[in-house]
Amino acid sequence: MVPVLINTMTASFIYGNMSERIDDLEINGFKIIQDTALFCYGMDAVLLSAFANASKKNKCLDLCTGNGIVPLLMYAKGKGVDWTGVELQKPCADLAKRNMELNNVSGHIEIVEGNLCDIPKGKLYISKRDNHIICDPDSAESLNDKSDFKDKFDVVTCNPPYMKVGTGFKNPESAVAIARHEVECDFGDVAKACSHSLKLKGKAFFVHRPKHLISILEDLRREHLEPKRIQMVHSFAHSHATLVLIEAVKGGGEQLVVESPLIIYKEEGEYTDELLRLYGKLD
């Protein structure tokens, strides 16, 4: 695991939970509560937020949102006018909601607790917006105050579980196991949810493991998500790729661009200039 360039503001407990801390995202004053008993974000989430494109007018969705790190990073950078994050696990979803409150963006980033597999079935709902401001979901008296996900979003991002069930070490902590292993959904489910949620010509962005790339591309095309851009991520210039970043377009034509690889380290312990620029630590 590549370390994440963050500044830990405090290692004290919050609301009596001694496993929590607040980290400074170092972008426009944004911060994030992390719970080490759940699943803290890594560099893959940061790389996804840098790779994904969204204008200030775009309506955006993040699947497998965890503690809400990708919507927070994207919104802090001015990517997307309003966001919805979907998270299966209640403790993670509750933490994500607190992170939106911490940064005073609950009116622009809604966290929906639910299974992304229910999105294509029309069983998951988002709150209606008034001029891109989220109406209070707790005040909704009926489903008339909500809408489903179909064809609602310009952009979807997802940092899904990477590991197939039965492979690798499965963490005994269920929250970590669900985040890492395809326990509750596989990439085919992710692709279906993305296709259902995106408008025609909408864009989807993913971070995953290169060893699954062939099956990922097959799943995307099966759901009419045409791969458009791929970038491999390497720890060192001469090492094999450890991550792959993928962009796909719903209903797009066949034209794939493979970008120059992103290298994390110049040498052991020294980050490349390109990576430091992604973190805003180099002009």
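No lab work stands behind these numbers, since they all come straight from the coordinates. What you see is a predicted model, and the numbers here were worked out from it, not measured in a lab. Cβ placement follows ideal geometry from the backbone for every residue including glycine, while neighbour counts extend to all protein chains displayed.
Averaging 1/r over every pair of different alpha carbons in the stretch 196-268 and inverting the result gives a Kirkwood radius of 13.0 Å.
Which of K57/K123; K228/K266; K79/K152; K90/K152; K31/K250 have a Cα-Cα distance over 22 Å? Those over the limit are K57/K123; K228/K266; K90/K152; K31/K250. In this entry, the stretch 50-90 is assigned a mean projected area of 2.7 nm², taken as a quarter of its C-alpha convex hull surface. Just flag the chymotrypsin sites (Phe, Trp or Tyr not before Pro) in the stretch 9-110 sitting in loop per DSSP whose Cβ has no more than 13 other Cβ atoms within 10 Å. Taking the stretch 9-110 and a limit of 13 other Cβ atoms within 10 Å, the loop chymotrypsin sites (Phe, Trp or Tyr not before Pro) found are F13, Y15.
Cα centroids of the stretch 22-47 and the stretch 213-245: 24 Å apart. Across the stretch 22-34, coupling constants 3J(HN,Hα) worked out from phi with the 6.51/-1.76/1.60 Karplus curve, θ = phi - 60°, read 10, 10, 8, 6, 6, 9, 6, x, 6, 10, 9, 7, 10 Hz, and Gly and Pro carry x. Taking θ as phi - 60° and the Karplus parameters 6.51, -1.76 and 1.60, the scalar couplings of the stretch 237-245 work out to 4, 9, 9, 6, 5, 10, 9, 9, 9 Hz in sequence order, x denoting glycine and proline.
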